[in-house]
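These notes concern the structure reproduced below.
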Amino acid sequence: MGLAKLGDPTILVLDALTRTEEKIRRAFAKRRVALYRDDFEQILYNEIVAVFQDPAVRERFYPLMRMSGANSFLKRIADELARPLYATPPRRKVTGPAGLQEAYHALANEMRLNAKMSLTARLLVAANSVIQFPRVVPGKGMCLDVMTPDMVTVFPDPDRPTKALSITYDRMVYTAKGPTTHHVTWDDEQAFEMNANGDLVANPVRHSFGRIPMVEIHRRERWGEYWDNTTGKDLEAAALQTMLLNAMALKLHKSQSHKQLAFIGDVAGWAKNQTLDEESLLVGNGQGTLQSIDLQGDPSFLLKTKEAIETSVAANYGISRERLNQKAGSEGGDDHGLKERTAELAQVMREAEADLFEVVTLVSREHPTHRLAEGGAFSIDYGALHYRVDRKTQLEIRKMERSMGVRSILDDVYEDNPEITSEDEAWEEIADNMAAEAAYIEERRALNIAEDATAEEPGQDPAQNGAMGPKVRDGRMTRDEAADVARTGADPEETIQ
């Protein structure tokens, strides 16, 4: 059902764009996205104005704002949850008509799909929803736009409030008078573009996709309404608190990290504005005494509060304090909670990848070379999700999984070589490695090099090894002594007793 079934589409969209609650929703979504992008100065400024009533106190904080965002907590949690999904590019498999796999692989490269999906997964944690818009740009191929809730207005389906009847996104247009914003709307029947006043820029264009050619991705299932505006407010609150505590700690260091000199007495004889420095000499002839006042304050209580906030909120997302501190190995804490949440996110992204394949199949009709035939089946394998383990532990895990039959040599190749995306390439890599190893072994055998020979214990060449045979035969050297000589390369004459 197109938007026209409910009335004039332009009027409906303009009304949805100009509603007060929609403007507020966009503003809060924009703040969440800004925190992820480290665009925090204006946000922190607003918080300082709200918290400190005295203008003089605020003035002391303003110079410290740029330095107070050193801990981007919201971004840190979002990246920790989403990073493992695309740390190693997943394997996308397309079955169906001949050439379908190659065509989709080419389109994925044009869209920079792995990078865009990794960004999408991170933004999902930060902003709860992401909308992807694949489109063909003349002369540039297929591109994939990633849009966050602050960039989009949705007209929900009256029969299914959690599904979009139309999606409107903002498009920046550059004119002779400067940049201006246009609003582009798509439903399942047509697309049209309006200017900021709600006037059509051109006549609506009907399409034959049979759906909105966009992918709607949500971090969690919703009920009752389209947008989830509240999930993740704990991350937002923690990010604001930690930045404010950073500012307070910096102010404490600036104002109370030194010993202040104070003169008590007649100041008439003291020169004004003298430099207080270890290489300077204070000059004065006034009557009185010069005293030192210790103003040094301990910021540990602020730092402990900040650490407690980060630890408790991170625990909501299965992330331990050790994980936040980048500790590894036995000190890395228990990552089971993090893995569970990353697995949940993987389910969301798997559905998004499948829906994207469906949309790209439709949109590729407009592509000059890579058109996807209908009837293809898509699957994706994220493989092993990567966590912080050392190489030795990784190899032990691989060996155990191979012995259990839940891992193959192909999995190892994919994990070590992210650029390999197909089985043919993987087997070619295996064949090259085996050929190189076989040549290496053959060369060592030709030179009669012991298997355990090293640079420190190179052993002997074939002639020396052959010369020891008669000595063993004549009883001048035991077999064990001959083996030691062959292994270490020691002088045979010194070994003979």
Could we say that E374 is buried (at least 18 other Cβ atoms within 10 Å of the Cβ) and either modelled with pLDDT of 85 or more or part of a helix (DSSP H, G or I) (or both) here?
no
Every residue from region 32-55 that is more than 19 Å from the chain's Cα centre (by Cα) and in contact (Cβ under 8 Å) with a residue 40 or more places away in the chain
I43, L44, E47, I48, V51
So, in region 245-262, how many residues would count as being at pLDDT 70 or above and not in a helix (DSSP H, G or I)?
0
Within 20 Å of D145 (Cα to Cα) and among the β-branched types (V, I, T): is that true of T185 in this structure?
yes
Is there a residue in region 221-231 that is in the same structural domain as V152 (by TED's automatic domain parsing), assigned to a loop (DSSP other than H, G, I, E, B), acidic (D, E) and more than 28 Å from the chain's Cα centre (by Cα)?
yes
Please work out which one of (1) at pLDDT 70 or above; (2) out of contact with any strand residue (DSSP E or B) (no Cβ under 6 Å at 6 or more places or on another chain) is the condition E331 fails and give its number.
(1)
Selection from region 35-71 of residues outside any helix (DSSP H, G or I) and either outside the structural domain of K233 (by TED's automatic domain parsing) or under 14 Å from L245 (Cβ atoms) (or both) yields F40, F52, S68, G69, A70, N71
Residues (surrounded by 15 or more Cβ atoms within 10 Å (Cβ to Cβ) and either under 22 Å from L362 (Cα atoms) or touching a His at 6+ places or on another chain (Cβ under 8 Å) (or both)) located in region 107-123
L107, A108, E110, M111, L113, N114, K116, M117, T120
R60, sole failed condition from (1) touching a residue at least 24 places away in the same chain (Cβ under 8 Å); (2) more than 26 Å from the chain's Cα centre (by Cα); (3) within 24 Å of A238 (Cβ to Cβ); (4) surrounded by fewer than 21 Cβ atoms within 10 Å (Cβ to Cβ)
(3)
With the checklist (1) of a type outside the set (F, W, Y); (2) assigned to a loop (DSSP other than H, G, I, E, B); (3) at pLDDT 80 or above in hand, flag the one item T454 doesn't pass.
(3)
From the list A126, A87, A115, which residue is among the hydrophobic types (A, V, I, L, M, F, W, C) and at pLDDT below 90?
A87
If the requirement is being surrounded by 12 or more Cβ atoms within 10 Å (Cβ to Cβ) and more than 27 Å from I24 (Cβ to Cβ), which of these qualifies: L245, L240?
L245
Is it true that some residue in region 80-97 is in contact with a Phe, Trp or Tyr (Cβ under 8 Å, 6 or more places away or on another chain), among the acidic types (D, E) and under 30 Å from R31 (Cβ atoms)?
yes
With a cut-off of at least 3 residues that are of a type outside the set (D, E, K, R) and free of Cβ contacts under 8 Å to residues at least 40 places away in the same chain, name the strands (runs of 3 or more DSSP E) lying wholly within region 130-186.
141-147, 164-175
Hey, can you tell me all the residues within region 359-371 that are crowded, with 17+ Cβ neighbours inside 10 Å and not polar (S, T, N, Q)?
V359, V360, L362, V363, H367, H370
Which of the residues belonging to region 187-220 are under 29 Å from K75 (Cα atoms) and in a loop (DSSP other than H, G, I, E, B)?
M214, R219, R220
Options V173, V130: the member that is surrounded by 16 or more Cβ atoms within 10 Å (Cβ to Cβ), of a type in the set (A, V, I, L, M), in the same structural domain as L74 (by TED's automatic domain parsing) and touching a His at 6+ places or on another chain (Cβ under 9 Å)
V130
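The values are calculated or read from the model by the stated rules, or taken from the named source; none is laboratory data. On a predicted model such as this, the values are computed, not experimentally measured, just so you know. Virtual Cβ from ideal backbone geometry, glycine too; neighbours counted across all protein chains shown.
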